[in-house]
2 protein chains.
Amino acid sequence: MAELAGVSVASVSRVLNGLPASDAVKEKVNRAVDELGYRPNAFARSLKVRRSQQLAFAVADVGNPVYVEMMRAIEDETRAHGYRLLVSSTGGRSDDTLALLDSLEGGYADGLVLSPVRVDARLVARLRQVTYPLVVIGTVPTDVAVDNVRANSAGGVRLALEHLHEQGCRRIAFVNGPEDTVPGEARRQAFERTAQALGLDPGADLRVEAGDFTLAEGRKAAETLLDRTTPDAVLGGNDLLAIATMQVLAERDLRIPDDVAVVGMDDTELAGVTSPSLTSVGLGAHERGRVAARLLLDRLDHADREPQRVTVQPQLSVRDSSRKGDAARR
Amino acid sequence: MAELAGVSVASVSRVLNGLPASDAVKEKVNRAVDELGYRPNAFARSLKVRRSQQLAFAVADVGNPVYVEMMRAIEDETRAHGYRLLVSSTGGRSDDTLALLDSLEGGYADGLVLSPVRVDARLVARLRQVTYPLVVIGTVPTDVAVDNVRANSAGGVRLALEHLHEQGCRRIAFVNGPEDTVPGEARRQAFERTAQALGLDPGADLRVEAGDFTLAEGRKAAETLLDRTTPDAVLGGNDLLAIATMQVLAERDLRIPDDVAVVGMDDTELAGVTSPSLTSVGLGAHERGRVAARLLLDRLDHADREPQRVTVQPQLSVRDSSRKGDAARR
DNA sequence: CTGAAAGCGCTTACAG
DNA sequence: CTGAAAGCGCTTACAG
């Protein structure tokens, strides 16, 4: 390359990086670049400058709409700053998450946004040792010094329950996801407290725990619930669980919302598609992604700033599945 | 690191790569590794061995369930072979796709799976010049020498139309996506030909083109269609367009499937969630991803094998939205 | 089995 | 402004 252009490799590097060079040299270099379709080797560059220009996003399940939403936000943000985004799906396996955290020490990405479903002691211990820029989406112990963005699950549950309470519901059931996960546990706690504060029926028969945040597990859980009781309303731990519940209700000829109102969480695109449309509490997935990306980009420039904690506020979208008294469909 | 262990850097490298070494040396190296949390630098390694152990997947829209499905399949396959997957979203912008193809020449990934929505002359020209392993999901001119996996859109449209024909439908409308895209164009052609072969009403008023493969654009297109005529059935260019049509039909108090049957394409998770559930033709997104990943992995080892072309066959999933005579719901 | 040395392809002070 | 040279951190023939 340098030979073809008839200049030194240093000059090639300078021209390609926009550093000062005479027009003559620029001309020669550009001509040779075109001729050869030359592209500087990314590794050699990274090895020298100690930056990869890559950022990583690690997530339990790329198929979950919530994470897709986050990924979009992160992609937009990082791309705008000239970084490529590497998406890694750990499938919820703790070991894969730990392996990923380790392998990033090899430097192939300049930073990581991590959104774990389960936060156990091993993960927390590992997070303390990470030597690269890291932001965690989700709840981590306050003494782990990483940037952290959280959803306000408790606030979200409260919005949902208050809304149902206003609709006259008093026996409100909760089809939650697994309670050994971060969101599952947070939502369970919030449900208990808020139900008590609102003076709702505290019956233990009103709570079921699905094996996963999926339609299939949601159906099973909803059937368990409805076999033992018929509540005024059901709150789903996420939209999929709420939708599964709606399906089971329909199969049992219970009208939504007149017999049983239903509210989901996450406010995914699915919520607008079901019939009746699903009332849902958005937990700001897009916003969480955006904020996380910004924190990471900011930390790349300011390695020593204090770790920040940002909480994104929930928002309730009321649709047909919870408007008692209205027609369920037009 | 080597100093701490008291051995040469060569020995460190050998131990870490599982090459022959005495137990004494292994012991020293492992001890030092643990103490330092040492990780070999990924770039230095890649620079030397000329491999990144990364593969890239480029896609128009990470949010589209079809691509998520592909991504999952590709992730599973590549991860099993020890590669990381880099996901890049080009947002359907041609320039971004070209820029990506260029930048990969820098070597930061060992190969690429590309799934473009639009294939124009510039892209085809660029594809011919690519110097790294590449597989394209979608249709490319036969003389472009890349591995290629395709959906059988024509076969899929045929399955859908034959099914509707059997249900007694003769005036079948088509709510297609943009016809300057690869899938849009293929589906339009297939629709015309199959409609003719089956002796369906060829009325031009039965075809509308949505601005994009989305719910919002689908609604507009469906309204345009239903303002001018009421067909026996509607085929959607994808599930989102079909679902949007179902919503508009419901708003106009047309019963599905008794007044108007509806069939989608892609057979995404959404199809099982709507009410009535949506009959849809799956075009094998998961399978296309899996095959593409395998072709790419295979090519990494066999740079000189002939480019292959694989077509994945469609499959019809009949659900409630098209079973005339049955109850639309239980 | 092990170490010294070359070299992967860049960038960047350092001279000129 | 430009070139020669050092060096980023590995791997891998080459000797021993």
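The values are calculated or read from the model by the stated rules, or taken from the named source; none is laboratory data. From a predicted model like this one, the values you see are computed outputs, not experimental measurements. Here Cβ is always computed from backbone atoms with ideal geometry, including for glycine, and neighbour counts include all displayed protein chains. When the accessible area is computed, the model is the full protein with side chains, heavy atoms only, and any ligands, DNA or RNA have been set aside. Shrake-Rupley method; radii C 1.70, N 1.55, O 1.52, S 1.80 Å.
With the condition being open to solvent by less than 30 Å² (accessible area, probe 1.4 Å) and at negative phi, I'd like the strands (runs of 3 or more DSSP E) fully within region B:262-330 carrying at least 3 qualifying residues. Quick ask: steps written out before the conclusion?
Numbers: elements: B:279-282, B:309-312, B:315-317.
Of the strands (runs of 3 or more DSSP E) lying wholly inside region B:262-330, those with at least 3 residues that are open to solvent by less than 30 Å² (accessible area, probe 1.4 Å) and at negative phi span B:279-282.
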Identify, please: which residue in region A:75-99 is at the interface with another protein chain (Cβ under 10 Å from one of its Cβ atoms) and open to solvent by 20 Å² or more (accessible area, probe 1.4 Å) and is, among those, nearest to B:Ala44 (Cα to Cα)? A:Arg84
Here is a list: B:Ser46, B:Ser94. Which entry is within 27 Å of A:Val49 (Cβ to Cβ) and of a type in the set (S, T, N, Q)? B:Ser46
Within region B:8-40, count every residue that is more than 10 Å from DNA strand D (Cβ to nearest atom), closer than 30 Å to A:Arg128 by Cβ and away from chain A (no Cβ under 14 Å). 8
Looking only at region B:185-213, and only at residues there that are open to solvent by less than 50 Å² (accessible area, probe 1.4 Å) and under 21 Å from A:Glu269 (Cβ atoms), the one that is farthest from the chain's Cα centre (by Cα): B:Ala210
If a residue must be surrounded by 13 or more Cβ atoms within 10 Å (Cβ to Cβ) and within 15 Å of DNA strand C (Cβ to nearest atom), how many such residues does region A:21-59 contain? 20
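Being part of a helix (DSSP H, G or I), surrounded by fewer than 24 Cβ atoms within 10 Å (Cβ to Cβ) and in contact (Cβ under 8 Å) with a residue 24 or more places away in the chain is the filter here, so list the residues in region A:152-181 that pass it.
Of the residues in region A:152-181, the ones part of a helix (DSSP H, G or I) are A:153-166.
With the extra rule that they be surrounded by fewer than 24 Cβ atoms within 10 Å (Cβ to Cβ), the set shrinks to A:154-155, A:158-159, A:162-163, A:165-166.
Selection gives A:Ala154, A:Gly155, A:Arg158, A:Leu159, A:Glu162, A:His163, A:His165.
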Checklist (1) within 13 Å of chain B (Cβ to nearest Cβ); (2) more than 23 Å from A:Arg51 (Cα to Cα) applied to A:Val117, failing item: (1)
